[in-house]
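What follows is one structure encoded as structure tokens, with my remarks underneath.
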Amino acid sequence: MESKNIGVIGAGAWGTAIAHALAKEGHSVEIWAMEADVVEGINEKHENFKFLEGLSLSQNVTATQNIQKAASQKEFLILASPSLYLAGTVAQLLSVPSIADGSTCIGILTKGFVPAKNGPKLITETLEEVLPPSYKKALVYISGPSHAEEVAMGKLTGLIAASENPKNTIRFRELLKTQSLMVFSSLDVIGVQICAAAKNVVAVVFGCLDAVAQNSDFFGDNTESLLLAAGLNDIQTLGFAMGATHSETFTSIAGVGDLDVTCRSKYGRNRRFGHDIINKKILEKFSSLDDLISRISEVGYLPEGAVACKYIQQIASDRNIKLPICNGLYKILNKEIEPVDFLKEVLR
């Protein structure tokens, strides 16, 4: 593929990793970061010391604190800001000419839900309300079992590019395809988004179980597989309730693949958070789930499953669906039940 001008909004680990992967293919990639030290590190030392330390970035990656500059005159724009801030971040791009006229093709890496007056919304649904009408059913949602650290190291990884616009899924599939990235198309935008958000919730519970199992005569590897299966059932139930269109989404890399790596990988922040709940009693300083979310920076990293858990609980209540694993994490984080008591109850 000929060299493209690409913008990446968000210089966290995943945004930086995908920028590096594209830049290695000869594309010119400009990444936006809020932090001056991150911009300086990328431009002067070719390293994101804050979010992806130890990786020498391609010299085709440059950084800026000017968000409009990062998005201007780009054929492709990739959004990688956290879900809590995504809508406000994208609103700053509306004056960019190529966004205003819809000529920039937009892909999204962000996982989770966005709060709204009428209940939590999916990422694409939220952005379609912010962006110009030309982006309706044209956004591409990118997901799959893809820890940033391994993508940055060039380890073989599979991704799903999902959109209601088949042409755009192909455009992003061709853009992202490298020696180490395999990319597949999907039309099930809702299903892929649900898998991406809900697997983080299951991974926190998995981390709790994994920590408990290390010193248990009752819990073991078999139990962890039991939890994975129960968690996948929660994800599928939620997905179909919200309008997922393809059952194979949940048995693909978007579903079971992403769930497995998020639960088992040493890089998983949500798994780590589950470990910290057990081993470091990290919840002791928070009075409730709302208190945890409002002070989430005190955790020291972002466990996206804790935030998604609140919104999934709201959706399940509104739609009257049963999600035992997701509901259990909600009760754990809201100080309604002890983790070990929940694990014994739900897995038996």
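A short reminder: the numbers here are calculations on the coordinates, not readings from a lab. Because the structure is predicted, anything quoted here is derived from the model rather than measured. Don't worry about glycine lacking a Cβ; one is built from the backbone with ideal geometry, like all the others, and counts go over all protein chains shown.
How far apart, in nanometres, would the label points at residue 295 and residue 136 be if each is projected 7 angstrom from Cα along the Cα-to-Cβ direction?
If labels sit at residue 295 and residue 136, their model points lie 4.4 nm apart.
May I ask for the angle, rounded to the nearest 10°, between helix 189-213 and the longest principal axis of the chain, with both axes built from Cα atoms and the value confined to 0 to 90°?
With both axes taken from Cα atoms, the answer is about 50 degrees.
May I ask you to evaluate 6.51 cos²θ - 1.76 cosθ + 1.60, the Karplus curve with θ = phi - 60°, for each residue of segment 170-185 and list the ³J(HN,Hα) values in order in whole Hz, giving x for glycine and proline?
Ordered by residue, 3J(HN,Hα) equals 5, 4, 6, 4, 5, 5, 7, 5, 9, 4, 10, 10, 9, 10, 10, 8 Hz.
Considering only the other residues whose Cβ falls under 13 Å of the Cβ of residue 224, what net charge follows from Lys and Arg at +1 and Asp and Glu at -1? Walk me through the numbers on the way to the answer.
Working: positive: 264, 271; negative: 210, 221, 260.
Around residue 224, the charge tally is -1.
Cα gyration tensor of segment 1-106, axes a ≥ b ≥ c as square roots of the eigenvalues: rounded (a/c below 1.5), prolate (a/b > b/c) or oblate? The partial results should precede the final answer.
Values: a/c = 1.92, a/b = 1.27, b/c = 1.51.
Note, shape of segment 1-106 comes out oblate.
Any idea what the dipole of the chain comes to, in debye rounded to 20, about its Cα centre with Lys/Arg Cβ at +1 and Asp/Glu Cβ at -1?
Working: 33 positive and 38 negative charges, 63 e Å.
The dipole magnitude comes to about 300 debye.
Go ahead and run the numbers for FRET between residue 37 and residue 279, Cβ-Cβ distance against an R0 of 30 Å, rounding to 0.05.
Details: r = 31 Å, r/R0 = 1.03.
So, using R0 = 30 Å, E works out to roughly 0.45.
Tell me the angle of helix 13-24 to the major Cα principal axis of the chain, expressed in degrees between 0 and 90 and rounded to the nearest ten.
For 13-24 against the chain, the angle is about 40 degrees.
May I ask you to evaluate 6.51 cos²θ - 1.76 cosθ + 1.60, the Karplus curve with θ = phi - 60°, for each residue of segment 53-61 and list the ³J(HN,Hα) values in order in whole Hz, giving x for glycine and proline?
After applying 6.51 cos²θ - 1.76 cosθ + 1.60, I find 5, x, 9, 7, 7, 4, 6, 7, 9 Hz.
Just list whichever of 74/117; 69/199; 74/137; 24/74; 24/177 have alpha carbons separated by over 23 Å in the model shown.
74/117; 69/199
May I ask you to compute the full-extension gain from residue 174 to residue 266, defined as 0.36 nm times their residue separation minus their alpha-carbon distance, rounded to one decimal in nm? Working shown, then result.
Numbers: separation 92, 0.36 × 92 = 33.12 nm, distance 2.98 nm.
Taking 0.36 nm per residue and subtracting the Cα distance, the gain is 30.1 nm.
For residue 4 and residue 59, what does the FRET efficiency come to when R0 = 25 Å and r is the distance between their Cβ atoms, rounded to the nearest 0.05? Walk me through the numbers before you get to the answer.
Values: r = 16 Å, r/R0 = 0.66.
It comes out at approximately 0.90.
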